[in-house]
Amino acid sequence: MTDPLPIRHLEFLGGLAKPGGWRPEGALPEIAFSGRSNVGKSSLLNRLVRRKALARVSKTPGKTREINFFEVNRELVLVDLPGYGYARVSKDQRAEWRPLIEGYLKQSKQLRGVVQLLDVRHAPTADDLQMVDFLAELGVPTIFALTKVDKLTKSAAAKRVEEFIEGLGVTRDQLVPFSSATGQGRDELAEAMVELAQAPAWRSGE
Ligand code: GTP
Ligand code: MG
């Protein structure tokens with residue numbers, strides 16, 4: 001497969017720290033990445049853009065607290081949302097994230113799609129299901145990246161994929177088994193993202 005997203009240029013544009021705060025100007029299409037803390041979001045982003053440390057990977061969950069914007073090839077913006085559902089951060093901090101994440105998703109005119117990350121090994125948590133419902137209600141095109149697939153055997157992974165299709169009520173082409181450790185799924189995900197970015201805005205009137 002030729003690389004659907006060869007990385008020629010990468011730029012960190014900045015972070016959005018509170019609802020209604022600074023966000024990058026410009027009209028480039030945005031793809032946002034959503035998932036529970038520790039699901040492997042930063043690792044997936046780094047794999048995607050073939051960098052070791054564009055997004056910070058950490059052993060302590062809950063590190064990414066702002067919404068970070070990364071521009072790729074001056075044609076696409078990747079939006080790293082803070083991980084939700086981490087039990088050990090304070091209630092106050094958790095209360096701050098929801099309006100930040102939901103506000104961005106509701107308001108961004110450039111948003112073309114969301115990559116929702118789920119750990120392939122586990123059933124979605126209550127937080128995951130809440131986020132999936134929110135995305136469905138919003139109507140934003142969504143792809144599911146099933147992370148850490150290197151931790152399962154091939155047959156176990158295939159079985160989990162079927163369970164996700166059933167549980168989420170989605171089709172096979174909305175799911176991408178992914179491993180940041182091996183790179184499995186990188187090109188498939190990149191291709192799906194490029195397709196979303198090129199599609200017209202899904203929100204009516206924009
Ligand atoms: P927060 O920013 O804290 O919300 O976490 P995150 O979702 O960005 O997760 P991060 O990428 O920091 O990864 C969390 C842990 O999972 C790290 O120890 C990673 O090395 C590990 N990890 C992430 N992706 C994979 C994967 O595909 N395979 C394996 N084996 N480990 C992974
Ligand atoms: Mg992170």
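Computed quantities for the displayed model
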read-out: Output for the range 161-199, where each listed residue is closer than 20 Å to P29 by Cα and of a type in the set (V, I, T); value: V194
read-out: Strands (runs of 3 or more DSSP E) contained entirely in the range 96-206, each with at least 1 residues that are of a type in the set (S, T, Y) and within 16 Å of ligand 1 (Cβ to nearest atom); value: 142-147
read-out: Within the range 1-54, tally of residues that are assigned to a strand (DSSP E or B) and touching a residue at least 60 places away in the same chain (Cβ under 8 Å); value: 10
read-out: Tally of residues being at pLDDT 90 or above, more than 7 Å from ligand 1 (Cβ to nearest atom) and surrounded by fewer than 22 Cβ atoms within 10 Å (Cβ to Cβ) across the range 37-67; value: 3
read-out: Inter-residue pairs, beta-carbon under 6 Å, first buried (at least 18 other Cβ atoms within 10 Å of the Cβ) and in the range 155-171, second assigned to a helix (DSSP H, G or I), 6+ apart; value: A157/V149
read-out: Every pair of residues 6+ apart whose Cβ atoms lie under 8 Å, when the first sits in the range 177-189 and is at positive phi while the second is assigned to a loop (DSSP other than H, G, I, E, B) and among the polar types (S, T, N, Q); value: G185/S179
read-out: Residue that is modelled with the highest pLDDT [pool: residues in the range 68-93 that are of a type in the set (D, E, K, R) and within 16 Å of ligand 2 (Cβ to nearest atom)]; value: D80
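The values are calculated or read from the model by the stated rules, or taken from the named source; none is laboratory data. Predicted model, so just to flag it, every value in this text is computed and none were measured. Glycine gets a Cβ as well: all are built from the backbone with ideal geometry, and neighbour counts include every protein chain shown.
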